[in-house]
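Data first, discussion second: the structure below is written as structure tokens.
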Amino acid sequence: QVQLVESGGGLVQPGGSLRLSCAASGSIISIYGMGWYRQAPGKQRELVAAITRGGTTNYADSVKGRFTISRDNAKNTVYLQMNFLKPEDTAVYYCNADGLQLGYQAYTNFASWGQGTQVTVSS
């Protein structure tokens, strides 16, 4: 199974910055899409940003111009640079990835989630 491990969350003041990282490990043949989602208390999980293997990006309107997603294909890692953070950005941030893995004697598709990392924006 492909595992995703996030890091970089924490407490930051409004207007501050944080950088999240998510590293994938396992019998990975190729990772297609990678993305970041978030879930605030009492709300549904929502897409924050996504990036294809070729580097095409997609952002939620609420974070455009403030957040930047990037990835290092050689390291199977995706990043989320978050600038000008607002209190409404407070949530648990989850990493997601899908691709192809080496299963038992065959290639199989995978779609995995990380365990989540808390981001709190507060003064």
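The values are calculated or read from the model by the stated rules, or taken from the named source; none is laboratory data. Keep in mind that what you see is a predicted model, and the values were worked out from it rather than measured. Every residue, glycine as well, gets a Cβ built from its backbone with ideal geometry; the counts of neighbours run over all protein chains shown. Quick note on the areas: whole protein, heavy atoms, side chains included, nothing else; ligands and nucleic acids left out. Shrake-Rupley method; radii C 1.70, N 1.55, O 1.52, S 1.80 Å.
Restricting the search to segment 69-86, which residues are over 11 Å from the mean Cα position of the chain (by Cα) and more than 21 Å from Ser25 (Cα to Cα)? Outline the logic, then answer.
Let us first name the residues in segment 69-86 that are over 11 Å from the mean Cα position of the chain (by Cα), namely 72-76, 82-86.
Those that are over 11 Å from the mean Cα position of the chain (by Cα) and more than 21 Å from Ser25 (Cα to Cα): Met82, Asn83, Phe84, Leu85, Lys86.
Applying the criterion of being in contact (Cβ under 8 Å) with a residue 40 or more places away in the chain and open to solvent by 80 Å² or more (accessible area, probe 1.4 Å) to the residues of segment 99-110, the residue that is nearest to Ala24 (Cα to Cα) is Leu102.
Each row is one residue, and each column tells you yes or no for (1) of a type in the set (Ser, Thr, Tyr); (2) at positive phi; (3) out of contact with any strand residue (DSSP E or B) (no Cβ under 6 Å at 6 or more places or on another chain).
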position	(1), (2), (3)
Gln44	no, no, yes
Arg53	no, no, no
Thr56	yes, no, yes
Gly65	no, yes, yes
Leu80	no, no, no
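Of everything in segment 51-68 that is under 15 Å from Arg19 (Cα atoms) and not in a loop (DSSP other than H, G, I, E, B), the residue that is farthest from the chain's Cα centre (by Cα) is Val63.
Applying the criterion of being in a helix (DSSP H, G or I) and farther than 13 Å from Ser21 by Cα to the residues of segment 74-93, the residue that is least open to solvent (accessible area, probe 1.4 Å) is Asp89. Scanning segment 31-50 for residues that are part of a loop (DSSP other than H, G, I, E, B) and open to solvent by 30 Å² or more (accessible area, probe 1.4 Å) yields Pro41, Gly42, Lys43, Gln44, Arg45. Taking the conditions exactly as written (assigned to a strand (DSSP E or B) and either at pLDDT below 95 or open to solvent by 60 Å² or more (accessible area, probe 1.4 Å) (or both)), does Asn96 satisfy them or not? In short, no.
All of (1) touching a residue at least 24 places away in the same chain (Cβ under 8 Å); (2) surrounded by 14 or more Cβ atoms within 10 Å (Cβ to Cβ) hold for Arg66 with one exception: (1).
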